[in-house]
Each structure stands twice: as C-alpha cells, then as structure tokens.
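The next block holds one structure in the form of structure tokens; read it before the comments.
The values are calculated or read from the model by the stated rules, or taken from the named source; none is laboratory data. Predicted model only: the values in this text are computed from it and were never measured. We place every Cβ from the backbone using ideal geometry, glycine too, and count neighbours over all the protein chains shown.
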Amino acid sequence: MAKTKKTVRMADIAEQLKCSTVTVSKALSGKKGVSEELRGRIRETALKMGYKLPVSAAKNGGGKGYNIGVVLSGRYLANYDTFYWKMYQEIASRATQKECFTLFEIIDEETEKNKKLPKLLAEGRVDGLLVIGKPGYGYEEFLKKEVGLPLVFLDFYEPNGEVDCFVSDGFYGTWLLTNYLFQKGHRDIAYVGTLFSTDSITDRYLGYVKSLMEHGMKPKTEYLIADRDIVSGLRDNYGSMAFPGRMPTAFVCNCDFIASLVIRSLRKEGFKVPEDVSVVGYDNYLYPELSDIGITTYEVDIREMAKSAIRLLLKKLDGEPYKKGIHIIEGHLIEKSSVAERKKI
C-alpha cells in the first residue's frame with residue numbers, strides 16, 4: 001500500500017532553513033522585510049520540498065491581499081443559521097475591505113476524530129487561518145501543532161497561550177445576567193451548560209458562581225444542567241432538557257439557542273415563561289423561528305471581534321508588531337421579555 005505524501009508546511013521550510021514561519025510566509029507571498037538572497041533560498045527550498053504556494057501568493061506575486069482560511073466545526077451549524085455563521089459573515093466582510101479573500105470550510109466529526117487537516121490547508125490554498133468555535137476531540141491542539149501558518153482562534157482559547165485568541169467577556173457578561181436576576185427577586189437560579197466542553201461555557205459558569213457567592217449563596221449540583229456531550233461537543237437540539245426535581249425560578253443559559261430549548265422544554269412541562277420561570281441567554285443571536293418571546297441576553301460584539309481578528313492576523317502575516325495573547329471583546333446586557341420580577345413571599 002502506497003504511503004500518503006505528507007503535506008509540506010511553512011513550518012517545515014522554516015525548520016529546514018532555521019528561520020521563522022513569518023519570514024517564510026513573507027518571502028513566499030512577496031512581502032517586504034526579507035532580503036532578496038534569503039527570499040531566493042526560501043523559494044528554492046520550498047520548490048525542492050514540494051510546497052504548494054498559496055493561491056494569493058502564486059497569482060499576485062506579492063500584490064495586495066491574502067487568502068484567509070476560516071474553519072468551523074459542523075456541530076455548530078445544526079439546522080438553523082447560527083451565531084458562528086453570522087461571525088463568519090462579518091469576517092468575510094472585513095477581509096474584503098482589506099482586499100483579502102476568505103475560504104470557508106466546515107469540519108465534520110470524522111475529520112476531528114481522525115485528526116485530518118482541512119482541505120484548504122492540505123492543498124496549500126491559504127496564507128493564514130481563523131478557527132471559529134472550539135472543535136471537538138482535541139482538534140484545536142492538532143491544528144496548533146500542525147498548522148505552519150499564522151493562526152487565530154475565535155470564541156475560545158487554548159491553555160498555554162500559544163495561539164492568539166479573541167473571546168467575548170463571558171465571565172463578566174454572565175455575572176451581570178445573574179445579578180440582574182437577583183435584582184428581579186430570584187434566588188433559586190440554575191445554570192445550563194456542560195462544563196469544560198468549551199472554554200466559553202465554563203467561563204460563563206464561573207461568572208454565574210461569582211454572582212451567587214456575592215449574594216451569600218453556594219452553587220447547587222442539581223442546578224448545573226448539562227446540554228451537550230463533553231468529549232464530542234455534540235448536543236441534542238430536539239429532546240427535552242433534564243430539569244432538577246425542585247424547579248428553580250430562573251435559568252442562566254450559556255447561549256440564546258440553548259435558552260430557546262429550555263423555554264421549549266419548560267412549556268412541555270406546563271410552565272409559563274416568564275410568569276412561572278425566567279430564562280436568560282447569551283450572544284443576542286437567535287434564528288427567528290426558535291422563540292416567540294424575546295430572550296434577555298448579553299450581546300456579543302461580533303463585528304468588533306471579526307474586525308480585531310482580521311487586523312491581528314494581517315499583522316502576523318506582514319510580520320508587524322502586535323499584542324499577543326487572549327483578547328477580550330466587551331458586550332452589554334439587553335433586557336427583553338423572558339424575565340419576570342419574582343414577588344417576595
């Protein structure tokens with residue numbers, strides 16, 4: 001059986017020549033900041049190693065624009081337009097303004113499980129990569145090790161701080177939402193989200209816990225309700241939620257989509273929202289058919305997140321100085337119709 005030829009990455013060329021991946025990227029794309037002698041050696045080495053030049057560099061010969069790859073796990077698309085699809089649209093719009101192109105690829109579960117490179121990477125079609133939403137099965141760690149291009153994560157981060165990331169302020173946002181429920185007279189408040197399935201879900205839970213503690217309360221195990229499988233990240237978008245025996249008066253949900261499922265499940269159980277039980281979400285993005293009442297939420301500034309991510313990625317591609325690390329984008333609370341004031345007994 002013939003062995004599959006390994007894709008040559010910019011990192012492989014950089015290692016061969018003992019230089020940085022950014023230097024290789026600039027040399028192959030015709031950007032400034034590399035001597036002609038080194039540029040020639042890099043191109044010659046790339047040719048010998050069988051590296052496939054990204055489309056932008058091959059066509060433009062150092063002209064304006066990069067090809068920016070954007071990958072998203074298929075688990076987030078479900079059967080509806082999603083928050084992450086909206087984020088991609090903002091990224092594509094911002095990239096166009098910067099005279100760049102975006103190539104979008106949906107990663108399926110098999111690709112994640114078997115640790116396969118996205119096709120747009122394996123075929124050498126992009127200059128840099130944006131990953132929207134945390135993939136399943138540790139796939140983000142695989143990408144971190146195997147992608148020899150400038151890389152940025154959106155709406156999640158990795159523990160070692162090696163990859164630049166942009167996230168919303170989930171800790172503060174959910175702390176604010178939980179405080180809001182306390183102000184409305186609620187004290188029995190549950191959280192919906194599977195801890196450690198994504199960074200954002202866990203951070204939002206910690207904001208919820210901080211608010212509880214500030215109000216003299218401890219988190220209850222029965223008031224932590226899972227909404228997805230912790231390993232794969234897959235969730236049941238149609239079944240009923242498993243509520244605790246003693247029903248809380250309010251639910252803090254890790255996103256508006258989950259909040260809509262909670263509302264649907266509550267109604268199946270005979271509860272009215274918000275008359276009997278209040279519900280808050282997160283994101284301020286929900287497909288119109290999923291809820292007939294407005295969900296009080298914390299809005300994520302998707303436009304600013306996309307704008308900032310593109311700006312940083314282009315700085316990395318051009319070899320310009322930039323602030324490395326986790327970048328937090330602030331949002332704000334939006335009051336709608338899914339919360340009712342709890343009368344004191």
Please tell me if Leu117 is under 30 Å from Tyr282 (Cβ atoms) and either buried (at least 20 other Cβ atoms within 10 Å of the Cβ) or of a type outside the set (Lys, Arg) (or both).
no
Any idea which of Asp188, Asp199 is surrounded by fewer than 22 Cβ atoms within 10 Å (Cβ to Cβ), acidic (Asp, Glu), within 16 Å of the chain's Cα centre (by Cα) and outside the structural domain of Phe101 (by TED's automatic domain parsing)?
Asp199
Only one of (1) of a type in the set (A, V, I, L, M, F, W, C); (2) within 30 Å of Val34 (Cβ to Cβ); (3) not assigned by TED's automatic domain parsing to the domain that holds Asp127 is not met by Leu290, so which one is it?
(2)
Can you list the strands (runs of 3 or more DSSP E) found entirely within region 226-345 that contain at least 1 residues being charged (D, E, K, R)?
297-299
Is it true that some residue in region 312-323 is over 15 Å from the mean Cα position of the chain (by Cα), assigned by TED's automatic domain parsing to the domain that holds Tyr205 and touching a residue at least 60 places away in the same chain (Cβ under 8 Å)?
no
Of all residues making up region 185-215, the number that are in contact with an Asp or Glu (Cβ under 9 Å, 6 or more places away or on another chain) and under 18 Å from Ser73 (Cβ atoms):
7
Does Lys144 satisfy being surrounded by fewer than 22 Cβ atoms within 10 Å (Cβ to Cβ) and either touching a helix residue (DSSP H, G or I) at 6+ places or on another chain (Cβ under 8 Å) or under 29 Å from Gly331 (Cβ atoms) (or both)?
yes
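Identify, please: which residue in region 285-304 is among the aliphatic types (A, V, I, L, M) and buried (at least 21 other Cβ atoms within 10 Å of the Cβ) and is, among those, farthest from the chain's Cα centre (by Cα)?
Ile295
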